[in-house]
Each structure stands twice: as structure tokens, then as C-alpha cells.
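Here the structure is laid out as C-alpha cells; the discussion comes afterwards.
The values are calculated or read from the model by the stated rules, or taken from the named source; none is laboratory data. Given the structure is predicted, the values throughout are model-derived calculations rather than measurements. With ideal geometry, Cβ positions are generated from the backbone for all residues, glycine too; neighbour counts draw on all protein chains shown. Only protein heavy atoms, including side chains, enter the accessible area calculation; ligands, DNA and RNA are left aside. Shrake-Rupley method; radii C 1.70, N 1.55, O 1.52, S 1.80 Å.
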Amino acid sequence: MTTLHEFPMTRTCPFAPPTAYEEIREKDPITRVGLPDGRQAWVVSRHEDVRTVLNDRRFSADRQHPDFPQLVPGFRRPDDERTMITMDAPDHGPARKAVLGEFTVRRMEALRPRIQEIVDERIDALLAGPRPGDLVEMLSLPVPSLVICEMLGVPYADHGFFQTHTVKLIKRDTPPEERRAAVEAVREYMSDLIAGKEANPPDDLLGRQIVKLREEGTYRRASLAATGFLLLVAGHETTANMISLGTVALLENPDQLALVKDDPGKTLDAVEEMLRYFTIVDAATARLCVEDIEVGGQLIRAGEGVLALGYSANRDPRAFENPDDLDIDRGARHHVAFGFGPHQCLGQNLARMELQIVFDTLFRRVPSLELAASVDDLPFKDDANIYGLYRLPVTW
């Protein structure tokens, strides 16, 4: 009897996917695996097939469905608190469109001066502090947290509250009751915050949403609180981890760092390559098949769960030459680190800008930056569904 691979898996090392990903992708690219709750699902591992799954409406993102493949079982949100990432057509389109205008390239460019100011302030604080310093505490976490708090109109003074509960949400071993309590705490906070904006909506993202949704006759506080919850958590945790991981990658690959230092025009290429290289979110692309479909020669039936492995797709040699190399000249923007299709990451323009500004500024202002610990001793988030670092000691 064939032994099933069990998901989720732990990375082989900070710079490589689980060893089994390559084995699955090359020998059995669409295969059955075991889930934490004892059920089974299909994994789809090749780049072309992953994009097919993520772009086909026959695969549902509805995490409320009892057959949806749960990598972190034990909690389902009430229907009136669903967010756009758990919706299918026809509900998904209007929900996404409602906030899409807040994340256009043009609006992000308008934020560039303020983001630059925040980055400079945080690097000032890093340089004024002790050596070694913790880059996570001093730069990686504060920058995206400050930006998303200002966008939403959330007091940054409360960031410790959010971070405490976010850690519980992304750790795989958080007991279901603790996960539920963390969700409730942030949801209630967001609901109270929005209630305070209703009488005289301010000119921030949440305030503008109140006005817009009221005009459309679709305003419900619980729904907006759910959206705010999603944007707050997703808006800081992912970018924070990419700042830390990207810094490690560049310091450990001095030839690649030299390219960025010599030509800042290459920074965006470096950002794209590091997004592909790390693919820090591997669990958000689970789907439920709702109509029989053949993918990559394999029939997947309605009611069967599917895990579209973005990290495996981004290391697929059919899509990327020498995929295990960090190569900022690769120019491969067809990675799926932000997902693909209708649920592609809403905040990707913001994330790219934040990462570009951070890396440009950090290595220009602190050219002698180096790790203050070996990579083997760094506390990577092997226990979390969003990969990253808990701390990153650096000196200069």
C-alpha cells in the first residue's frame, strides 16, 4: 500500500521547499495527500496546472463548505463575516471591486513619499539603537504595519494587540479555541473602530468604504469589519516576512546584492525574484472542486479538495530555468507568489513598492549591513502558515 504524503510540510531549509515537492512534481504531479483532519485532497504541483486551478471557476475558494480542504482545521467564520478571499462568483467580483480602487498603481504611487518617510524613520531608529539590532522589530514589522494602519485609519499604537493575535492565527499548532478567540478579539476591535467612524466617516480606507457602501445601499458593519480584518493582517504580516527573508537572501548572495547596489533600477527585478524564490504563503491557494474537470491528465471530481502548491510551481523547471538559483536578472514575473486568477493578491502593488523602497534605502544607508548570527541559528517560522523570521539580528 502506498504511503500518502502528509500536508502541510516543513521546508527543507530557509531557501528550499520541502524535499517531497520536487519528487511529487517530477514523478506524480497531481496526487492524493493526507490532511491534518484525516481527510485527503489532491495536490497540484506544476506551474501550468497550478495556474489552471487558480483561474477556473470550477474550483471554489469557499472555506465555509464542509468539504473544503482545511490545512488548519477547527474554525469557520460566520457567513456574515466572510471576506473576498473565501467568496466565489457572483459574490466575489463586487466585494473585490469595492476596495480595488484603494490599491491601484496610481494610488500606491501617491503613497510613495510617506512610505519613504516611514522607512527612513525606522532606519534612523535602527542606527541609533544597539548593535546588534533586531531588523524584525526595528524595520521589517513596523514599516508595513504603519503603512496599512495609516491606510485603514487604525491607530498604530494598537499594533502590539494585532501582532499578538496575528501570531496565534498563523501558527499551525494554535489550538482551535485560541484561534477562535484571536479572530473574535480582532473582529470586535475592528467593529468598534468602524462604529466610531460611522457618524462622520474620515478620509481613510474604512471611512471611504462606509460612504461608498451606504450610497450603494449595501453597508453592513460586520462585513466591513471582516474586510478590515483581512487587510490589516494580510497587509503587514506578509510584507514584514518578505523584508526579513529578502535581507537574508541578499546578504547571503553578495553577487546579487552587488547588482542591486550598482544599479537601483534592478531592485524591482530583485523583489520579483525573491517573491518567487521564497513563496511565503503556500496554504492560501487551497480549493474545492465543484464540477468534474481534468487537469494535467488527471480527473478531479466535484467534492474533492485541491491544494495548488504555489511554492512548487515557482520552482518548476518547465517555467523557470535553474529554478533553485536566486537570479535577479531572471525577469520572471509569471510567478504565482501572489496567486493567480480572480483571487490574485489585492495588495500586490503596495507590497512591491514597500519592498522596493526598503531594500533601496536599507542598503544605500547601511552599506556595511551584515548578519549578526549564522543562518543556521536564525529563528525561521517553520511552525507557521506564512513563512518568515521571528527575529533577525544584524549589525553594521
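Hey, what did the stretch 19-395 get for relative contact order, percent, Cα under 8 Å, at least 6 apart? Please list the in-between numbers first.
Details: 554 pairs, mean separation 102.0, N = 377.
Averaging sequence separation for qualifying contacts and normalising by length gives 27 percent for the stretch 19-395.
When the stretch 226-333 is described by a simple charge dipole with +1 on each Lys and Arg Cβ and -1 on each Asp and Glu Cβ, the residue from Thr227, Gly303, Ile243 located farthest towards its positive end is Thr227.
Under a 5 Å amide H cut-off, with hydrogens placed 1.01 Å from N, Val295 pairs with Ile300 among residues at least 5 apart or on other chains. The count of lysine pairs in the chain that are at least 8 places apart or cross chains, and whose C-alpha atoms lie under 25 Å apart, stands at 5.
Which of rounded, prolate or oblate describes the chain when judged by the alpha-carbon gyration tensor and an a/c cut-off of 1.5?
Numbers: a/c = 1.60, a/b = 1.06, b/c = 1.51.
Because a/c hits 1.5 or more and a/b fails to exceed b/c, the chain counts as oblate.
For Ser60, the residues 5 or more places off, or on other chains, whose built amide H falls under 5 Å of its own are Leu288, Cys289, Val290. Dipole orientation for the stretch 19-395: of the candidates Val290, Ser191, Val366, Ser191 has the Cα lying most toward the positive pole (charges on Cβ; Lys, Arg +1; Asp, Glu -1).
Rounded if a/c is under 1.5, else prolate if a/b is larger than b/c, else oblate: which is the stretch 192-246, with a ≥ b ≥ c the root eigenvalues of its Cα gyration tensor? Each step should come with its number before you reach the end.
On the way: a/c = 2.90, a/b = 2.61, b/c = 1.11.
Prolate, since a/c reaches 1.5 and a/b exceeds b/c.
Scanning the chain for long hydrophobic helices, with DSSP H runs required to stretch 18 angstrom or more by C-alpha along their axis and to average at least -1.0 on the Kyte-Doolittle scale, returns 105-128, 176-197, 221-252, 348-365. Annotation note: trypsin sites (Lys or Arg not before Pro) in the stretch 325-391 located in DSSP loop regions with a Cβ neighbour count of at most 15 within 10 Å are Arg333, Arg391. Per-residue SASA remark: Lys168, around 70 Å² accessible (1.4 Å probe; ligands, DNA and RNA not included). For Met108, the accessible area of its heavy atoms, probed at 1.4 Å with every protein chain present, is near 0 square angstrom.
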